[in-house]
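The values are calculated or read from the model by the stated rules, or taken from the named source; none is laboratory data. Note that the structure is a prediction, hence the values are computed from the model and not measured. When we count neighbours, we look across all protein chains shown, and the Cβ atoms used for this are built from the backbone with ideal geometry, even at glycine. With ligands, DNA and RNA removed, areas are computed over all heavy atoms of the protein, side chains included. Shrake-Rupley method; radii C 1.70, N 1.55, O 1.52, S 1.80 Å.
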Amino acid sequence: MLTERFKVILQKRRGLALGLWGEAGIGKSYQVSQLLGGLPCRSASFHATTPLNVVAKTLPKPKKLALWAESNLKRLANSEAIESSSLLDSLGAALAGLAPFVLHLEDIHEADQERLEFIQALAKIVLKIKGVALLVTSRKEPPEPF
């Protein structure tokens, strides 16, 4: 069962990048909704094409966050330009502060190449963060490292 895969997140033993894919209408979104509703941790869901400033505004705030990461996320929330690597590091720091936590990105097949590369880079970071999962859904098989 899918819930079993998330035990390592709840126990903060490792990070997880997991993809759920299949054709339209088979229940991916429903399954993710049921999963997230049943996990005893916080989560956030966004469409894969959601502007990053919206993600920065609505992502829960960790109790502790390094000042540099907080500053970068505030700048992003205000639609200021931020270098991609700094943004990735800041999101990683925020997610680590939220652990155990699941970030869900819906329909990554609709993302452009730049966003898809960003999601892949975020997944590589999440794999190194104990207690954090990046769960994506798609109509086609997600790329590595999912």
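Note on the range 46-64: residues that are assigned to a helix (DSSP H, G or I) and among the hydrophobic types (A, V, I, L, M, F, W, C) total 4. Taking first residues from the range 72-89 that are over 12 Å from V55 (Cβ atoms) and partners that are open to solvent by 80 Å² or more (accessible area, probe 1.4 Å) and not acidic (D, E), the Cβ contacts under 7 Å between residues at least 6 apart in sequence or on separate chains come to I82/R75. When residues in the range 3-30 are screened for being aliphatic (A, V, I, L, M) and more than 16 Å from S138 (Cα to Cα), 4 of them pass.
Restricting attention to the range 9-45, the residues that are outside any loop (DSSP other than H, G, I, E, B) and either of a type outside the set (S, T, N, Q) or open to solvent by less than 20 Å² (accessible area, probe 1.4 Å) (or both) add up to 17. Taking the listed residues L91, L73, L122, the one that is crowded, with 21+ Cβ neighbours inside 10 Å and either in contact with a strand residue (DSSP E or B) (Cβ under 9 Å, 6 or more places away or on another chain) or among the small types (G, A, S) (or both) is L91, with no other qualifying. Return the only residue of K61, K28, K57 being closer than 16 Å to D107 by Cβ and of a type in the set (K, R). Result of the check over K61, K28, K57: K28.
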